[in-house]
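S.K.: Before we start, here is the structure in question, set down as structure tokens.
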Amino acid sequence: MSLNNEETGTRPNQPSMPPYPPPPYQRKRSSGWVIPLVVIGALIVIFFIFIAIMFASFGSMFDSKEITVKENSVLYLTFDDGLQEYSKQSPFSIFTGSSGGASFLQTLRAIENAKTDDNIKGIYLKPGLTGIGWAKSMEMQDALEDFKSSGKFIYAFMEMGAEGQYFHSLPADTIFVPMEGLVEMNGFAVTSMFFTGLFEKLGIKYHVEHFEDFKSAGDMFSKTKYTDSARHQTTVIINQRMENFVNAIAKYRNLDKEFIKEALKTGYYTADSLQALGFIDVMAQEMSVLEFIKYRANGDAYNFPLNVHESADSYTDIDYEGKLRFISPAAYISTIHSDKSEIHDENVTIAIINGVGGINSGRDNSFSDDYSIRSGDYVRQLRKAREDENVKAIILRIDSPGGSVIGSDEIWEEIIKTRKVKPVYASMSDVAASGGYYMAMACDTIIAHPATITGSIGVVLAIPNFTGTMDKLGITTDTIASNKSAQFLNTLYPFDDASKQKLYTISKAMYDRFLNKVAKSRNMTYDEVRSLARGRVWTGEDAMKHNLIDALGGLDDAIDMVKNRLGIPLDKKVYVRSFPEAEDEMVAFLRLIGLGDDDDSELKYKTNFVEALGFSQNQYTSLMDMMPKAIQPHLKHALDMYKMSEKENVLMSMPYMIEIK
């Protein structure tokens, strides 16, 4: 059968070409990526299978064991990590089963319950070097004094420390210090860092607007020492702290006040000199103290010497069968279950919303150990408490030096909305100043401890100018702008008088709004408030005298006031819902690996200042940890202010770090 030209594809009258010889056989080339991709795919599948199996087995792997309080137990109090209003949750708790330490309120409840618990024979107190704030320390001291009325023992051991650690130990029946221990007992002081000289070397000059003379938060960037106003307000606080300290020593150690003041002029003290002065009771190593407590907890006398000396035949009985059983507040509080008969009403709950640290806008997605108040999170917590029908009243527990104006105002508005629905009380902890006071003044009632640091009613603006830096580096700039105002706050050009006046006007307007809100809240005139404001810091004791708060007291006093408001007898217990609430461990872990529900761009915020210096976050953390402990809080405070100033020019923040030592 012949094929026509169309079928062969040849042109008419064109001879057909002989077929080409077949090409030699070649193996088909395959892509070199196939095998690696298959391996990677298999590994991914295996990884997710492993994760699924691991998550499925978490329930059985990390079930917490039920804790029981055995007889002759001792409540062990230590504050190595400080004592916060709430315990931050670690995303790794799903693996470790650890829920963190006890909060301040839980610690108070543990001491209160241990007073009547027959299985708890006493308290062993070992203050950590970190210490806790002065207001919380005084409230803790009251709780320990109440515990002692039960006739149970309190023994304290200090290896070394300063006034804060000694203050914690004062309620103890016996204070032990090892022979080589050193205790700093030389009064109180505040040391602040000023970075003006550093910035001058770098060519950086800060323009600071503060309202008013006591509002010295920006002084670290523009001064080289304290101003007269700053020095005066800090001196008043230090003197009150000193008076409280001396009064406590006189009370618990039965010493004359003038004798104590004279002794505090010396400085560091060795254990033997402290004992000779009557400040401590016994010199002994901790192992001997623990042996002594073991005998006491089991109701037996300890007839051995606590100090090592050659004439002693023995220091313990190796055949003694008694055991030393310590239990922490966190573990102990988990064993406390109230009978229904002790509860006033199962449908009545008091919410306590804890706010600790500087105030920032947005939400928090960090798992760092640093505490902060994020307005986005705080507002959500307020709404949850407001919408919970069982929550009949809310206590805002505030421990904050302030910070963001926007964040503070966002929280203020939500508090105003909430107090129209149910009572809202403010309980001030160690610090509730500036933005912290701004939050409190929105509440129905403000309660502060006499030692609380509050006030600082004012605003501050601090903007760096890098013109000098550019000159030092030989860098010039040129700008094309649509109009003159486009150059406002351009930190690469000198600020002219018109720009400075505009900054003053903006800041002054915010300050006036702050004063007017305080005046309305405290039923005072603008001029009356201004005479107390000007950025001045007050103690709770003085704030009460000037009508800036409603009552003096601690957290327990605030709870009692709320119970009175709700008609609950003080001897009846009430349910408490604390915020921030513990997050589901799985959700926390998923957020850590980036699978959480983060709907806020603020969650991705990075510390641009640290990155600008060429450090990663991990390097910054490591570098900060290497710094002397005395410097760390000042650097962190300065960096926090820098971070907030990137978003907001005007801040409500306390003057520098008032860390009294």
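A short reminder: the numbers here are calculations on the coordinates, not readings from a lab. Predicted, not measured: the structure shown is a model, and the values here were computed from it. Note that we place each Cβ from the backbone using ideal geometry, even for glycine, and neighbour counts take in every protein chain shown.
S.K.: Assigning unit charges at the beta carbon (Lys, Arg +1; Asp, Glu -1) and nothing else, what dipole magnitude in debye, to the nearest 20, does region 227-320 show about its Cα centre?
M.R.: Here region 227-320 has a charge dipole of around 720 debye.
S.K.: Taking 0.36 nm per residue of sequence separation and subtracting the Cα-Cα distance, how much length would be gained by fully extending the chain between residue 306 and residue 119, in nm to one decimal?
M.R.: Values: separation 187, 0.36 × 187 = 67.32 nm, distance 2.59 nm.
Difference between extended and current length: 64.7 nm.
S.K.: Note down the net charge around residue 227, summing +1 for each Lys or Arg and -1 for each Asp or Glu among other residues with Cβ under 14 Å from its Cβ. Numbers along the way, then the final one.
M.R.: Numbers: positive: 215, 223, 225, 231, 534, 536; negative: 212, 213, 219, 228.
My count for the surroundings of residue 227 gives +2.
S.K.: Also: Whole-Hz ³J(HN,Hα) for each residue in region 565-577, computed from phi via Karplus 6.51 cos²θ - 1.76 cosθ + 1.60 with θ = phi - 60°, x for glycine and proline: what do you get?
M.R.: 4, 8, x, 9, x, 5, 8, 9, 8, 9, 5, 10, 10
S.K.: Using the Cα centre of region 384-432 as origin and beta-carbon charges of +1 (Lys, Arg) and -1 (Asp, Glu), tell me which of 403, 421, 385 is placed farthest towards the positive end of the dipole.
M.R.: Positive-most Cα among the choices belongs to 421.
S.K.: Could I ask something else about it? With Cβ to Cβ distances under 9 Å as the rule, what net charge do the other residues near residue 69 carry (K, R +1; D, E -1)?
M.R.: Details: positive: 70, 325; negative: 71, 117.
Computed value for this residue: 0.
S.K.: Please say if region 139-243 is rounded, prolate or oblate, where rounded means a/c under 1.5 for a ≥ b ≥ c the square roots of the C-alpha gyration tensor eigenvalues, and otherwise the choice is prolate for a/b larger than b/c and oblate otherwise?
M.R.: Numbers: a/c = 3.90, a/b = 2.36, b/c = 1.66.
Prolate.
S.K.: In the structure displayed, which of 126/323; 126/251; 205/508; 126/340 lie more than 26 Å apart, Cα to Cα? Intermediate values should be presented prior to the final figure.
M.R.: Working: 126/323 19 Å; 126/251 21 Å; 205/508 22 Å; 126/340 35 Å.
Pairs exceeding the cut-off: 126/340.
S.K.: Around residue 335, under 10 Å between beta carbons, what's the net of Lys plus Arg minus Asp minus Glu among the other residues? Could you put the intermediate results ahead of the total?
M.R.: Working: positive: none; negative: 66, 117.
Around residue 335, the surrounding residues sum to -2.
S.K.: Order of 526-538, 483-495, 264-276 by packing, highest average Cβ count within 10 Å first?
M.R.: 526-538, 264-276, 483-495
S.K.: Whose amide H sits under 5 Å from the amide H of residue 434, counting only residues 5 or more places off or on another chain, with H placed in the peptide plane?
M.R.: HN-HN under 5 Å from residue 434: 455, 456, 457.
S.K.: Which residue, chosen from 474, 452, 486, occupies the Cα position most advanced towards the positive end of the dipole of region 447-521, where the dipole is computed from +1 (Lys, Arg) and -1 (Asp, Glu) charges on Cβ about the Cα centre?
M.R.: Projecting each Cα onto the dipole axis, the largest value belongs to 452.
S.K.: Okay, moving on. Determine the alpha carbon to alpha carbon distance for each of 136/572; 215/545; 384/422 and list only those over 19 Å.
M.R.: Pairs exceeding the cut-off: 136/572; 215/545.
S.K.: Neighbour counts of other C-beta atoms within 10 Å: give me 542, 317 arranged from fewest to most.
M.R.: Values: 542 19, 317 14.
Least to most surrounded, the residues fall as 317, 542.
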